[in-house]
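To start, the structure itself, in structure tokens.
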Amino acid sequence: MRNAFADELNQLALSDDRLVLLSGDIGNRLFDRFKQSCPNRFYNCGVAEANMASLAAGIAMCGLRPITYTITPFNTTRCLEQIRDDICYHQVPVLIVGTGSGLSYASLGFTHHSCEDIAMLRSLPGLTILCPADSMELRVLLRKALQLPGPAYLRIGKTGEPHIHQSVPDLEIGKGYRIKNGKDVCLLSTGNMLFTALETGTFLEKSDISTEVFSFHTVKPLDTDLLQNLFARFSVIATMEEHSLIGGFGSSVAEWTADQNPSLTKLMRFGTPDRFPHKIGSQNFLRSAYGLTSQEMAQQIQKQFKCQTLCEH
Amino acid sequence: MATGSLGHGLSVGIGQALAGKILKEPFRVMILMSDGECNEGSVWEAAMFAPAKQLDNVIAIIDFNKWQATGRSEEVLKLSPLADKWTAFGWDAYEVDGHNYEQILDVFSKIPACKGKPTAIIAHTIKGKGVSFMEGDNNWHYRIPNQEELQKAKQELGVID
């Protein structure tokens with residue numbers, strides 16, 4: 001995937017002189033063509049990811065479109081506060097690219113694995129999260145991410161991922177993409193799990209279980225319209241990702257299901273919403289603004305309880 | 001931008017300065033920091049970046065009042081020799097009396113004195129300067145003056161008679 005990234009970015013940079021590539025001292029020779037064609041738009045920022053993230057924010061504030069590139073944990077969780085305060089809060093169009101995501105760097109040990117990045121970044125308001133399944137998905141998502149008005153995180157693999165699409169698919173950010181039709185169970189895959197999801201489908205079909213498969217290349221914003229449709233159609237839906245069960249794509253679908261059918265669930269969730277506060281006051285002021293007061297929560301719970309009791313009788 | 005969390009401003013400012021070079025715009029970027037802020041590792045990441053890319057359109061001013069939230073800066077993390085540190089990192093560093101506008105303006109009029117080098121200005125200051133009961137008392141990092149103290153401070157500063 002990283003070769004496709006370098007190739008696609010090189011093409012895009014030739015026609016868009018706002019693109020600036022920042023690298024965290026990786027990609028030896030990978031960007032030679034980019035450096036040659038756009039010598040004043042490539043900067044090796046060294047092994048200093050916190051600085052790189054904030055630099056990108058400053059560059060974007062001046063109307064350019066910076067892309068930060070290094071191995072996923074170093075470009076995400078290491079500099080999380082810089083992403084939160086300098087990029088997301090200011091909603092500047094920085095593209096954060098994590099390479100070798102999930103278990104792609106398995107043999108290098110846990111320091112190079114990233115199974116927490118989606119969980120951490122998904123809680124930051126205004127950040128689009130994209131996980132392409134193969135080189136073709138990567139090309140189209142990269143192109144579209146660089147047209148977004150705000151920040152995005154592109155979680156890519158390393159090298160040797162199986163090709164799933166024969167040509168560049170017509171993906172739309174925020175919309176799941178159907179790879180295969182089926183009618184019994186539905187597999188929702190994000191990132192490089194898609195090939196394995198398709199294989200799983202083949203196994204299931206051998207047991208006469210008709211399987212539908214989707215690429216959920218966008219984890220945030222979640223395609224809730226599609227989920228609505230799929231949860232109505234299928235009795236079993238499985239999510240697949242190279243990421244922790246805590247806070248990742250599966251969690252985000254689980255949160256949605258818990259919030260979706262209040263008449264069917266016993267769980268209610270209270271917390272802060274997915275946006276930064278733009279009016280500041282006391283702690284109580286913010287709690288009221290977010291509905292985190294005993295009165296508000298009691299009211300909601302009472303409503304739910306009444307509804308549930310009615311449903312049961 | 002929001003600089004409530006320390007150690008972000010220098011990097012963001014340097015990013016803006018880099019954009020200025022890419023866009024061939026002649027603006028300069030001034031970043032005001034505190035001495036306590038220099039505890040943050042990201043400051044020194046940024047300090048190595050700017051001279052490596054010859055960003056002589058960057059001016060960092062450090063308010064060096066020798067105190068931070070809960071102690072004397074020198075005792076918390078070894079800051080001195082602060083100007084030498086910036087020089088060693090590849091910056092053109094100056095030391096001024098931070099309460100003396102003439103000295104500050106004099107440095108401003110010289111820069112960039114070294115082509116290709118960013119400028120660091122270490123502005124020596126006194127925390128609570130001009131208010132007898134605040135000078136040298138770090139409790140005023142947190143305290144809010146009451147009405148009586150406010151009047152006294154204003155008198156000492158010559159804001160009221």
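Filtering A:LYS279, A:LYS266 for residues that are charged (D, E, K, R) and over 30 Å from A:GLN91 (Cα atoms) leaves a single hit, A:LYS266.
Criterion first (closer than 20 Å to B:VAL43 by Cβ, more than 7 Å from every other protein chain (Cβ to nearest Cβ) and buried (at least 24 other Cβ atoms within 10 Å of the Cβ)) does A:THR72 satisfy it?
No, not satisfied.
Which one of these is of a type in the set (Val, Ile, Thr) and more than 10 Å from chain A (Cβ to nearest Cβ): B:VAL58, B:VAL12? Only one candidate qualifies: B:VAL58.
Just one of the listed residues (A:GLY63, A:GLY102, A:GLY98, A:GLY126) is in contact with a helix residue (DSSP H, G or I) (Cβ under 9 Å, 6 or more places away or on another chain) and within 13 Å of chain B (Cβ to nearest Cβ), namely A:GLY63. Within region B:37-92, the set of residues being at pLDDT 95 or above, polar (S, T, N, Q) and over 17 Å from the mean Cα position of the chain (by Cα) comprises B:GLN54 only.
Which residue, of A:ASN44, A:ASN28, A:ASN10, A:ASN40, is surrounded by fewer than 24 Cβ atoms within 10 Å (Cβ to Cβ) and either touching an Asp or Glu at 6+ places or on another chain (Cβ under 9 Å) or outside the structural domain of A:ILE87 (by TED's automatic domain parsing) (or both)?
A:ASN44
Being in contact with a Pro (Cβ under 8 Å, 6 or more places away or on another chain), at the interface with chain B (Cβ under 7 Å from one of its Cβ atoms) and aliphatic (A, V, I, L, M) is a description that applies to A:LEU55.
Exactly one residue out of A:CYS115, A:CYS79, A:CYS62, A:CYS88 is free of Cβ contacts under 8 Å to residues at least 24 places away in the same chain, outside the structural domain of A:ASN192 (by TED's automatic domain parsing) and buried (at least 16 other Cβ atoms within 10 Å of the Cβ): that is A:CYS62. So is A:LEU142 outside any loop (DSSP other than H, G, I, E, B) and either touching a residue at least 60 places away in the same chain (Cβ under 8 Å) or acidic (Asp, Glu) (or both) or not? Against the criterion (outside any loop (DSSP other than H, G, I, E, B) and either touching a residue at least 60 places away in the same chain (Cβ under 8 Å) or acidic (Asp, Glu) (or both)), A:LEU142 qualifies.
Among the residues of region A:186-203, those that are of a type in the set (A, V, I, L, M, F, W, C) and surrounded by 19 or more Cβ atoms within 10 Å (Cβ to Cβ) comprise A:CYS186, A:LEU187, A:LEU188, A:MET193, A:LEU194, A:ALA197, A:LEU198. Taken over region B:13-70, residues that are under 18 Å from B:ALA113 (Cβ atoms) and basic (Lys, Arg) amount to 1. Among the residues of region B:109-136, those that are surrounded by fewer than 14 Cβ atoms within 10 Å (Cβ to Cβ) and within 20 Å of the chain's Cα centre (by Cα) comprise B:SER109, B:LYS110, B:ALA113, B:LYS129, B:GLY130, B:GLU135, B:GLY136. Quick check, is A:ALA50 more than 15 Å from A:ARG155 (Cβ to Cβ), in contact with an Asp or Glu (Cβ under 7 Å, 6 or more places away or on another chain) and either among the aliphatic types (A, V, I, L, M) or within 8 Å of chain B (Cβ to nearest Cβ) (or both)? Taking the combined requirement at face value, the residue satisfies it.
Of all residues in region B:15-37, those satisfying the criterion of being more than 9 Å from chain A (Cβ to nearest Cβ) and touching a strand residue (DSSP E or B) at 6+ places or on another chain (Cβ under 7 Å) are B:ARG28, B:MET30, B:ILE31, B:LEU32, B:MET33, B:SER34, B:ASP35, B:GLY36.
Just to be sure before I move on: is A:LEU148 surrounded by 20 or more Cβ atoms within 10 Å (Cβ to Cβ) and at pLDDT 95 or above in the structure I sent? No, not satisfied. The strands (runs of 3 or more DSSP E) located wholly in region B:1-102 that include 3 or more residues which are of a type in the set (Val, Ile, Thr) and surrounded by 14 or more Cβ atoms within 10 Å (Cβ to Cβ) occupy B:58-64.
The values are calculated or read from the model by the stated rules, or taken from the named source; none is laboratory data. Note that the structure is a prediction, hence the values are computed from the model and not measured. Because the Cβ atoms are built from the backbone with ideal geometry, glycine has one as well, and the counts that use them run over all protein chains shown.
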